[in-house]
1. Please list 3J(HN,Hα) in residue order for the stretch 293-298, calculated via the Karplus relation 6.51 cos²θ - 1.76 cosθ + 1.60 where θ = phi - 60°; whole Hz, with x for glycine and proline.
2. Quick one: putting +1 on the C-beta of Lys and Arg, -1 on the C-beta of Asp and Glu, what dipole do you get for the stretch 123-269 around its Cα centre, in Debye to the nearest 20?
3. Return, ordered by residue number, the residues of the stretch 155-172 whose backbone nitrogen is under 15 Å from a label point located 7 Å along Cα→Cβ of Leu201.
4. Classify the stretch 65-336 as rounded, prolate or oblate from the Cα gyration tensor: take a ≥ b ≥ c as the square roots of its eigenvalues, call it rounded if a/c is under 1.5, otherwise prolate when a/b beats b/c and oblate if not.
5. Give, in nm to one decimal, the length gained when the segment between Ile310 and Gln237 is fully stretched (0.36 nm per residue of separation minus the Cα-Cα distance).
6. If packing is taken as the average count of other Cβ atoms within 10 Å, what order do 142-148, 238-244, 76-82 fall into, highest mean first?
7. Extension gain Gln395-Tyr43, at 0.36 nm per residue separation less the Cα-Cα distance, in nm?
8. Which of the peptides 54-61, 91-98 is most tightly packed, and how do the rest follow, judged by the mean count of other Cβ atoms within 10 Å per residue?
Amino acid sequence: MNSLNPYATLHPFTYMPGFSTLTPQGFHHFNTYLTRGEGVWIYDQHDNRYIYATTAVPSVGLCNPYVTEKIAKQYETLHFASTCGQTHPLVEQLSQRLIELCGSPFGQVFYSNDGSGAIETAMRLARQYYLSLGQKKRTKFISLEGSYHGTTFGTGSVTHMGIAESFGPALMNCFAVPAPNMYRPPIDGTAEQIIQYCLDLLEETIFENGPDEIAAILIEPVQGVNGIIEIPKFYVQEVRRLASRYGILLIMDEVATGVGRTGGWILSHELEVQPDLLALSKGLTGGYFPMGATVVSSAISTQLFDSGGIFLHGSTQSGHPIGCSAALAVIQYLELNQLVEGVRSKGDYVISSLLNSLNDHPNVGNVRGKGMMFAIEFVADRISKTPVDYEFGQQLSARLHNQGILGNWFNGILILYPPLSATREELAFMVNGVVCAIVGK
Ligand SMILES: Cc1ncc(COP(=O)(O)O)c(C=O)c1O
């Protein structure tokens, strides 16, 4: 257990991402102040140690020498090159590798600087694809309630979590449909009835807005920010079928699930669906460099580019050589250590251990997970599923902090994303700390 951290009793899970702690708002007091990392551990300024189970980014651990040495070499060889009218060997190698790992039907990769960039790129590619086919009316997007797709105006407009409203009107023509969330379903009924209800509403939404006016449907196959809500395989497969029937593209947002997090290189393989566009980011470079990738089907890239078309989109630093070397090193490390293959058994261990200890706790409404993504949803009452209040979250967050656990807290849900490299012992530390924090030991 950590020595008592003076900041732990404040608001350890309060986020104001992107702001410096030195802003006048004084966020220093509300954030954990991190100074160094090693493996699954991260340390604060008082040398308190925490297991790093937040963000889903560091898949191969922190400051992993296998990766940092390769990046350091790359810094000495070619620290920057643009991919606009130029290219470099690493961007080619990484694209080749990603196309191999993602498999059919992909043929090209476009790089951006984060997950939002990868989704924004997919949305723009979808629009341009239909313009190139003369289908000018296809400008609309449909996505699921509770899905998180990013921070730009485009990705924010397809994120239906009550965030866009705080910036005024979102982009037009972005429609939300209910998600088959099995813990908080949109209707009472069996799993089959809930899925069918969601599919019927999706088809209705397609019809109401014109099947020939929808550019793409976006799916986040495990809603991460919303609390590890796994979208059922049958639902995703039916969405694929509906999209194909009406000539709509399917964008799969694997920013969090991609590159191993759920036990395969992409979750789309396990779901047995072939998206037209696929977004990767967090585990792609494991946090060693900010990068996103949009993997594009051969059919789309052939239509767009083979007859000389250009995509007037891209950032100055797209396909950055350091990002490419980081991604290649992370993928190699995952392969050499067979970490992706180990995800399912580690995930099963965490879930069964949490359930063993917490199943009867009056405030634990639901324990769930997919691969190395875990959530515990807290409730004031298990029958009515009334959410816990703010104070409950504050107290639990402080206790987790004192147990050396750094996770995400959102809307009464604790979300944990330990690195894929975590050992059984390290996962046992996480489980034990979480259980102690909840049962109040
Ligand atoms: C599924 C999903 N899509 C997109 C994003 C946006 O990625 P970024 O924060 O890197 O822009 C996130 C970030 O949490 C995400 O979880």
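FYI, it's all coordinate maths here, none of it is from the lab. The structure displayed is predicted, hence computed values, not measured ones. Note that we place each Cβ from the backbone using ideal geometry, even for glycine, and neighbour counts take in every protein chain shown.
1. The phi angles translate into 9, 10, 8, 10, 5, 4 Hz.
2. Numbers: 12 positive and 15 negative charges, 125 e Å.
Computed about the Cα centre, the dipole is about 600 debye.
3. 160-162
4. On the way: a/c = 1.90, a/b = 1.47, b/c = 1.29.
Verdict is prolate for the stretch 65-336.
5. On the way: separation 73, 0.36 × 73 = 26.28 nm, distance 3.17 nm.
Using 0.36 nm per residue and subtracting the Cα-Cα distance, I get 23.1 nm.
6. On the way: 142-148: 23.0, 238-244: 18.6, 76-82: 12.4.
Listed from highest to lowest mean packing, they are 142-148, 238-244, 76-82.
7. Gain on stretching Gln395 to Tyr43: 124.6 nm.
8. Details: 54-61: 23.8, 91-98: 18.2.
Packing proxy ranking, top to bottom: 54-61, 91-98.
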